[in-house]
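Report on the following structure.
The values are calculated or read from the model by the stated rules, or taken from the named source; none is laboratory data. What you see is a predicted model; the values in this text were computed from it and never measured. Backbone-built Cβ (ideal geometry, glycine too); neighbour counts: all protein chains shown.
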C-alpha cells in the first residue's frame, strides 16, 4: 500500500512539460513592424480548438517578436497549435484595417499551424 501511495504521488507531479517560448512574425522574410500606435495581436490555440474556446495569449512587441507564457505563466506544452495574427496600424491606410487582410484572424480559418517544440517559433505571414 505504501509503495502504491508513493507511485501515485510521483505521478501526480507528472504532466506534459511546458516551456516559455519566444518567436517572431515575418512577412516577405522581414520582421513585421508597426508604428508607435500600432498593435500586433498573436493568439495560440490547441490545434483541436477550431472554435477558439481556449485562447493562449502572447506578449507581442512592435518589432514582431513575441513570447508565449501560456495560461498559467509556465509556458505551453509541445504540440501543434493554430495561430491567429492581426496587425493593426492606425497610420497605415486604410485606417485601421488588419494589414494581413484578415487571412490569419480566426482560429477556425487561420492557415498558420505551428509545431511547438524546443526551438523558437517563426510565423511567416506571406
Among the residues listed as 37, 50, the single one being over 13 Å from the mean Cα position of the chain (by Cα), assigned to a loop (DSSP other than H, G, I, E, B) and either modelled with pLDDT of 90 or more or closer than 15 Å to residue 109 by Cα (or both): 50
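For the range 106-126, name all the residues that are loosely packed, with under 15 Cβ neighbours inside 10 Å and either within 17 Å of residue 45 (Cα to Cα) or in contact (Cβ under 8 Å) with a residue 60 or more places away in the chain (or both). If you could, list the steps in order and put the result at the bottom.
Here is the first cut: in the range 106-126, the ones loosely packed, with under 15 Cβ neighbours inside 10 Å are 108-109, 111, 113, 115, 117-120, 122, 124, 126.
Listed by number, the residues that qualify are 108, 109, 111, 113, 115, 117, 118, 120, 122, 124, 126.
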Subset of the range 32-74 (residues that are crowded, with 16+ Cβ neighbours inside 10 Å and at positive phi): 64, 70
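Counting just the residues of the range 75-99 that are more than 9 Å from the chain's Cα centre (by Cα) and under 15 Å from residue 114 (Cβ atoms), which one comes out surrounded by the fewest Cβ atoms within 10 Å (Cβ to Cβ)? Can you show your working first?
The initial filter retains those residues of the range 75-99 that are more than 9 Å from the chain's Cα centre (by Cα), namely 75-80, 86-99.
Adding the requirement that they be under 15 Å from residue 114 (Cβ atoms) leaves 75-80.
Numbers: 75: 18, 76: 21, 77: 14, 78: 15, 79: 13, 80: 11.
Filtering first and then ranking leaves 80.
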Which numbered condition residue 44 misses (of (1) assigned to a loop (DSSP other than H, G, I, E, B); (2) closer than 14 Å to residue 20 by Cβ): (1)
Meets criteria (modelled with pLDDT of 90 or more and either part of a loop (DSSP other than H, G, I, E, B) or farther than 25 Å from residue 36 by Cβ (or both)) for residue 92: no
Looking only at the range 1-34, and only at residues there that are farther than 26 Å from residue 118 by Cβ and part of a loop (DSSP other than H, G, I, E, B), the one that is modelled with the highest pLDDT: 28
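Answer with yes or no whether residue 87 is touching a strand residue (DSSP E or B) at 6+ places or on another chain (Cβ under 8 Å), closer than 22 Å to residue 20 by Cβ and modelled with pLDDT of 90 or more.
So residue 87 fails the test.
Restricted to the range 110-126, and to residues that are modelled with pLDDT of 90 or more and in a loop (DSSP other than H, G, I, E, B), which residue is farthest from residue 52 (Cα to Cα)?
Step one: filter the range 110-126 for residues modelled with pLDDT of 90 or more, giving 110-116, 121-125.
Then drop every residue that is not in a loop (DSSP other than H, G, I, E, B), which leaves 110-112, 125.
Working: 110: 11, 111: 14, 112: 14, 125: 20 Å.
Applying the filter and picking the extreme gives 125.
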